[in-house]
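Novice: My questions all concern the structure below.
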Amino acid sequence: MRTVRRIQPIKSPCKPKLKVAAYARVSDSRLHHSLSTQISYYNRLIQAHPDWELVGIYYDEGISGKEQSNRQGFQNLIKDCDDGKIDRIITKSIARFGRNTVELLTTVRQLRLKNIGVTFEKENIDSLSSEGELMLTLLASVAQEESQNLSENIRWRIQKKFEKGIPHTPQDMYGYRWDGEQYQIEPNEAKVIRKVFKWYLDGDSVQQIVDKLNQEQVLTRLGNPFTVASIREFFNQEAYFGRLVLQKTYRESFSRNPKRNKGQRNKYIIENAHEPIVTKAYFDLVLHEKERRYQLMSQESHLNKGIFRDKIFCSECGCLMIVKVDSKQVNKTVRYYCRTRNRFGASSCLCRTLGEKRLLASFKSKLGIVPDKEWVDINIKQIEYDFGHRIIWVTPVKGRKYPIEIREGRY
């Protein structure tokens, strides 16, 4: 009997989709619309290919292409390539991918070893093709040269603006707004600045000023509470009496990070550049008060290092006791603290603080003298503070160890 057997056709295995990513970059954050356009374009392009799988759109905004280390988006792209998540990269042009020829070629060659291709749309180059390496080398060199020329041109334009007294990309500072031609006073912020200067001249510390502003719920322009650092910045802002100093910082060729101008470049000082918030004489009073406090703190730091500094040890844990000056008190009380307790909390050591005045009174009661720093350095090798028995054990440079009872009372 004849039989019929049907043989099913062999199904060809499904070809895996190509894992595709795109990279976009704009060197100026003000070109955000251009970046958005690039991202939208690559989303549509990759999704339009049924055999492509979109891994992601990697991008950097407001970052130069000269150094890869500054571009976090680019670093993430390369990491995902190393992890095997990407088969191909699409980018607009060589210049978008990188402006440093050596870094660009090194990266592309490393990707080729992993069989990961880079498509440069503008130049119509596929890095995996035989002619891709040669074309890439030639065009990347041209891109770097163009970048250098562009940097020189930009630097020249900025310099000319400085010479005319025009700030380069003026930034809004607290107290002012830039109207396109010059700084205009922001009335409410100007009141805060004047108030801060008055409080400072009246004797308030910077921390006390911060506390007052926080109590009044006065916030920075970004809506954050003021800090000690932000208030101190007020005292450095010469613009508050109408002066502008241009080119305080500068950039070297192929360097993203600005450097402080310490005489390497010209500085340009513009007097009466805009309406002042305070007079120069008033601002100078603030600077003089700032300098007076600095000198006072320097003197106190020198004088109040503690007569027994580096001599007193805690008998409980054996650590060297540290010196602190209580600056909130009028007489700047000097106290010695157990380092262990100070660092790890009360549960780590039972030792309490020891005031220097109490210590000096105890020495006077025992020895009949009030020691100074020189006497302590010459005569005392070490002191152990026994908090539990309210005794210090003094080890002299010469002679036997002896105890001194800590004087009680108000010191």
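All of the numbers you see were taken from the coordinates with simple rules; none came from a lab. Predicted model, so just to flag it, every value in this text is computed and none were measured. Cβ placement follows ideal geometry from the backbone for every residue including glycine, while neighbour counts extend to all protein chains displayed.
Novice: May I ask for the net charge around C349, where only other residues with Cβ less than 11 Å from the Cβ of C349 are counted and Lys, Arg are +1 while Asp, Glu are -1? Mind showing how you got there, number by number?
Specialist: Numbers: positive: R339, R341, R343, R352; negative: E316.
With Lys, Arg at +1 and Asp, Glu at -1, the neighbours total +3.
Novice: At S69 and R292, where each label point lies 7 Å from the Cα along Cα→Cβ, what is the point-to-point distance in nanometres?
Specialist: 4.7 nm
Novice: Pop a pseudo-label 7 angstrom from the Cα along the beta-carbon direction at both R352 and Y282 and give the gap in nm to one decimal.
Specialist: The answer from the label model is 4.9 nm.
Novice: Here is a follow-up. Which whole number of Å³ per residue matches the convex hull of the alpha-carbon atoms in the stretch 312-405? Intermediate values should be presented prior to the final figure.
Specialist: Values: hull volume 9.5 nm³, N = 94.
Taking the convex hull of the Cα positions in the stretch 312-405, it is 101 Å³ per residue.
Novice: Past 23 Å, Cα to Cα: identify those pairs from K15/K85; K17/K122; K160/K259, in the order given.
Specialist: Values: K15/K85 17 Å; K17/K122 25 Å; K160/K259 20 Å.
The pairs that break the limit, which is 23 Å between Cα atoms, are K17/K122.
Novice: Something else about it: Starting from the 7 Å offset along Cα-to-Cβ, what nm value, one decimal, do you get for the label separation of Q382 and V228?
Specialist: Here the answer is 3.5 nm between the modelled labels.
Novice: Also: Would you list, by chain and number, the aspartates and glutamates whose Cα falls below 15 Å from the Cα of K401, excluding same-chain residues fewer than 8 positions away?
Specialist: The qualifying aspartates and glutamates are E384, D386.
Novice: Another question about this same structure. Can you tell me the FRET efficiency between L138 and Q264 if r is taken as the Cβ-Cβ distance and R0 is 35 Å, rounded to the nearest 0.05?
Specialist: Values: r = 35 Å, r/R0 = 1.01.
Given R0 = 35 Å and the Cβ-Cβ separation, E is 0.50.
Novice: Right, next: At 0.36 nm per residue, and after removing the present C-alpha to C-alpha distance, how many nm does the segment from K324 to S365 gain when stretched out fully? Walk me through the intermediate numbers first.
Specialist: Working: separation 41, 0.36 × 41 = 14.76 nm, distance 2.44 nm.
Computed gain between K324 and S365 is 12.3 nm.
Novice: Please compute the net charge surrounding K212, taking Lys and Arg as +1 and Asp and Glu as -1 over other residues with Cβ under 9 Å from its Cβ.
Specialist: Working: positive: K195; negative: D204, D211, E216.
So the environment of K212 carries a net charge of -2.
Novice: Name the long-range amide H neighbours of T220: under 5 Å, sequence gap of 5 or more, or other chain; modelled H, no Pro or chain starts.
Specialist: Amide H neighbours of T220: F226.
Novice: How much length is gained if the chain between R390 and W178 is pulled fully straight, taking 0.36 nm per residue apart and subtracting their Cα-Cα distance, in nm to one decimal? Please list the in-between numbers first.
Specialist: Working: separation 212, 0.36 × 212 = 76.32 nm, distance 6.52 nm.
Computed gain between R390 and W178 is 69.8 nm.
Novice: Related question: Of K305/K373; K212/K280; K305/K357; K366/K398, which sit over 21 Å apart, Cα to Cα?
Specialist: On the way: K305/K373 10 Å; K212/K280 25 Å; K305/K357 14 Å; K366/K398 17 Å.
From K305/K373; K212/K280; K305/K357; K366/K398, over 21 Å: K212/K280.
Novice: Report Rg(Cα)/(2.2 N^0.38 Å) for the stretch 176-296, keeping two decimals.
Specialist: Working: Rg = 16.2 Å, N = 121, 2.2 N^0.38 = 13.6 Å.
Ratio of Rg to 2.2 N^0.38 Å for the stretch 176-296: 1.19.
Novice: Work out how much length Q208 to L128 would gain on full extension: take 0.36 nm times their residue separation and subtract the Cα-Cα distance, in nm to one decimal. Numbers along the way, then the final one.
Specialist: On the way: separation 80, 0.36 × 80 = 28.80 nm, distance 6.48 nm.
Once the chain is fully extended between Q208 and L128, it gains 22.3 nm.
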